[in-house]
Every structure is written in C-alpha cells, then in structure tokens.
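K.L.:
Please read through the structure below; I'll follow up with questions.
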C-alpha cells in the first residue's frame, strides 16, 4: 500500500539518459572522449553543415540490445528513427534524431529490494521503452564578453533513453530504482555511469493525487546528477505541489531544475507534449532492422547478469535472496564474496561479514570494495578461525580492526594479541565454579525457572576468561553444572 503524505499519494516516473560506451558518436566518427577543449570534437555532421548525412553506429545498437536483454524487454526487429523538432542554441540542426513510435527496446522491468519499516520488500518498476537518440550540445554561460558560448562536443553523443511507467510512490523507491538501473548499465558495460560527467542523467516526473483519483499534473525535474540530490529534489517537489493544491492553486505542467544550494526546485519552462515536437520519420535514416541471429549473438557474448548471478548465489551457496541481491550490487563485490566463500567454505558467514563489517568500513571510508585494505583471502582466513573455534566473534572483530588498519597475517595477529579461545576445559570449569560461587542469587533464580538468569552468569565468566572462553562451551558447561 502506498505511503500517503498529508493524505496525498505520490506518483513518480523516470526518464534516464545513459550515455553509451562507444568510441565514436551515434551518427558520425567524431570522438566522444570527455574533457576536450570546446568544439574540438564536433565534426561537420555534428555542426549540421549542408550535405552531411548520418550513418548508424553499430556499436550503439548492440548496447541497446544488451540492455533490452538485461531487463527482459522485447527487442524490436524493426524500429524507426524520427526527427524531434525544437529550437535551442546548442541544437544546430534544429531537431534531434531520436525514436518515437517504434523504439528499439519495448517493455521490460527493473526489480530491487527496499526497506519499509522493519520489513525488506521486493519492488518492481515496469519499463515503457528504451530508445536510441543523439545528445545535444551544451550552452556555456561563462562571460564571453557579455554572451553565452556553445560547445558542440557532446552533440551526436549516443544515448539510450530509458522510460518507466509511473510506478514509484516515494523518493526512497525512486532512488532505489535509479541505483538498480545504474548497476545494470554499468555491470553490462554499456555506460560508465559517471553522473558528474553527465553519462547517467535522470529526469523525475513527479505528481500527487488523492488516493483513487486520476493522475495529477506532473512536473519534470531535469538532469538529476546524484542520488542524494535526487531524493532532496523529489521530496521538495512533493511538498511544494501539495502546498499549492491545499492553497487552492492548480499545478501547471512544467520542466523544473533543482538547486542543491537552496534545496528547492524552480520552473524553467512550460513542459511540452509530444505533439509540440512535430515528430516525423527521419528521411536520411532507413529503418533499423535487428535479426534474431544478431540478438542471439549479442546474448551469447554478454557477461552473467546480476539477477542471474543472484539466483546462482541462492542455489549454489544457499544464501537468502536478500543477501544474494545485495552481494551482486557490483561485479567487484560479487567477485570478493565468491573468492572469500570458496576459500573458507562458509558462504553465509562470508556474506554476513561482507554485508556487515566490511560494508560498514567501506561506507565510513567512502571507498569501494576494490580499495578495501582487507583482501577476500584475509577475510576467508579470519572466518576460518571463527569456524574452527580458534577465536570468538568478539576477538575476530579485533583481528579485523588490525587487518583493516595495518594488514598482516590472521594467525600472527591472533598469536600476538593472545586472542585464542580457551581450549582447556579444566581451566574453564574452574572459572565457572568460581563465578557460580560468587553469584548464588543468579544460580537460585535459574534453578527456580528464570532462564534469563543464565545471562547474568555468562558475562562474569567471559570477563574472568578475558574473552577467551568459547561462549557456546560456556553455556553448555553452565547448563550441565546447574542441572
């Protein structure tokens, strides 16, 4: 059931522009490398000089096919390019070559897990389409003697625009969807996912309505380039729209920008409908025909998909679905887990450590798993020493701290810090007898039927053993002595 805000239901749909990882532009051979001097990577076609004709980049098509396969879409055997007409200074042709009525990728879905209160639930967002198109240039608003400048380096850069149904009902869902989509396109290698450089740009269509009412008027928040700003922008927009409606005003369809400095959205222009763009088939480009043999070849060359790998982790390692999905958030994380799990033979324990202590440290240091100072082999060795009862979980965290901050050998650290669990049952029984004698009240309460009184005995025993006693062995001996 949707979470209501002041009695209103939030409705969110996404349009995401993923820059495809080709070496050249979608209809020309010009480079797409980032960071070049303005207008040094704009060829005659990008500048719309007379007599130039577009030629389709096969690599861009293959990346679209890969995406379609990754999200269970239908790959159209025949799709058509269209001209989307609008007039901006950074669009030299006066139109953008895109796809309209027949896109190359049709349907599909993206699933992810989301924490709602104390529950972890699986959500699925339906995709409408994903179509190929060219990017526009960029207006530069530095002071060029009182004027703006135009950089056409981006003009013609290949994009895959991914459009969802309005299936999301909160900013949390929207961010979780965007992160999952980002994972998919980077995992299969069709986009580098660099949001700061504009390789992965999200537009959020946001509206509100009373439950059961028709969809409200949407406002499109353009070019959200971080997950943090995405959440802030959507939350502000939702509050703003509700306030407008509650004050008796109507929402006007518009394109808005988010200002991270003020935390507010601001209308940039009235939002156009498709009719305003006067789409018509591009006469310079024939229909794009994709045979089944081409799709099958691309499918055969693709890497193992994250959802397929997650299913394998459940089957081969006996992991819960949530663990498997979390561990396949990136190829590097999945590889780290597999290496640790195979080396220690304790996949669930490896999963717990990676999702727990390792991830906590990575987040605190703001680094990725590739930069983790503790290798998968070191983690496996540590888990091995927990499994064979050489050290306790508490001691293992001490060892992990040393590994993270200074490295070293697991066994050497255990020896140097004297962390081996007590394996002399006679010595342990002596400690237990002393603790029982000093805590007669807890003994009486336990014998009277208060099972919790046992905890009051375990603590002093662990303290007396300086943490070296095996907790399981302590509990077993205690129960035996107390009858």
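We did not get these values from a lab; they are worked out from the coordinates using the rules stated. Note that the coordinates shown come from a computational prediction; the quantities given were computed from them, not determined experimentally. When we count neighbours, we look across all protein chains shown, and the Cβ atoms used for this are built from the backbone with ideal geometry, even at glycine.
K.L.:
Between helix 376-387 and the chain, what is the angle of the helix's C-alpha long axis to the longest principal axis, kept within 0 to 90° and rounded to the nearest 10?
P.N.:
Orientation of helix 376-387: about 30 degrees from the principal axis.
K.L.:
From Cα pairs below 8 angstrom and at least 6 apart in sequence, can you work out the relative contact order of region 425-482, rounded to a whole percent?
P.N.:
Averaging sequence separation for qualifying contacts and normalising by length gives 37 percent for region 425-482.
K.L.:
Using R₀ = 51 Å, calculate the FRET efficiency as 1/(1 + (r/R₀)^6) where r is the Cβ-Cβ separation of residue 275 and residue 348; round to 0.05.
P.N.:
Working from the Cβ atoms, E equals 0.35.
K.L.:
Please give, to one decimal in nm, the separation of the simple spin-label points placed at residue 58 and residue 367, each 7 Å out from Cα toward the Cβ.
P.N.:
Going from the residue 58 label point to the residue 367 one covers 4.3 nm.
K.L.:
Per 0.36 nm of contour for each residue apart, how much would the distance between residue 401 and residue 266 grow if the chain were fully extended, relative to their Cα-Cα spacing?
P.N.:
Residue separation times 0.36 nm, minus the Cα-Cα distance, leaves 43.9 nm.
K.L.:
Rank these for me by crowding, 265, 368, going from fewest to most other beta carbons within 10 Å.
P.N.:
368, 265
K.L.:
Among DSSP beta bridges whose residues both lie in the chain, state the antiparallel percentage, nearest 5.
P.N.:
Just about 95 percent of them are antiparallel.
K.L.:
While we're here: Using only Cα atoms, tell me the angle between helix 306-317 and the longest principal axis of the chain; keep it within 0 to 90° and round to the nearest 10.
P.N.:
20
K.L.:
Could you work out the relative contact order of region 310-416, using alpha carbon pairs under 8 angstrom and six or more residues apart, expressed as a whole percent?
P.N.:
21
K.L.:
Note down the relative contact order for the chain as a percent, whole number, built from C-alpha pairs under 8 angstrom at least six residues apart.
P.N.:
Normalised by residue count, the contact order of the chain is 13 percent.
K.L.:
Please compute the Kirkwood hydrodynamic radius of region 425-482 from all pairs of different C-alpha atoms, in Å with one decimal.
P.N.:
When all Cα pairs of region 425-482 are included, the Kirkwood radius is 11.1 Å.
K.L.:
So what's the back-of-envelope 222 nm ellipticity for the chain, counting only DSSP H runs of four-plus at -39500 (n - 2.57) apiece and dividing by all residues, rounded to 500?
P.N.:
Estimated from H runs of four or more residues: -11500 deg cm²/dmol.
K.L.:
Would you mind listing how long region 310-442 runs along its three principal axes, going by Cα atoms, in whole Å with the largest first?
P.N.:
For region 310-442, the Cα extents along the three principal axes come out at 55, 33, 26 Å.
K.L.:
Still on this structure, I have one more. Among 256, 10, which comes first, then next, by fewest other beta-carbon atoms within 10 Å?
P.N.:
256, 10
K.L.:
How high is the FRET efficiency from residue 450 to residue 389, r the C-beta distance, R0 22 Å, rounded to 0.05?
P.N.:
It comes to 0.15.
K.L.:
What FRET efficiency would be calculated for the residue pair residue 121, residue 145, taking the C-beta separation as r and a Förster radius of 45 Å, to the nearest 0.05?
P.N.:
0.20
K.L.:
Could you list, bin by bin from short to long, the percent of Cα-Cα pairs of region 28-126 in 10 Å steps?
P.N.:
Computed distribution, short to long bins: 12, 29, 28, 19, 9, 2, 0.
K.L.:
I'd like the orientation of helix 393-406 relative to the chain: the angle between its Cα long axis and the longest Cα principal axis, in ° from 0 to 90, rounded to 10.
P.N.:
Tilt relative to the chain: about 50 degrees.
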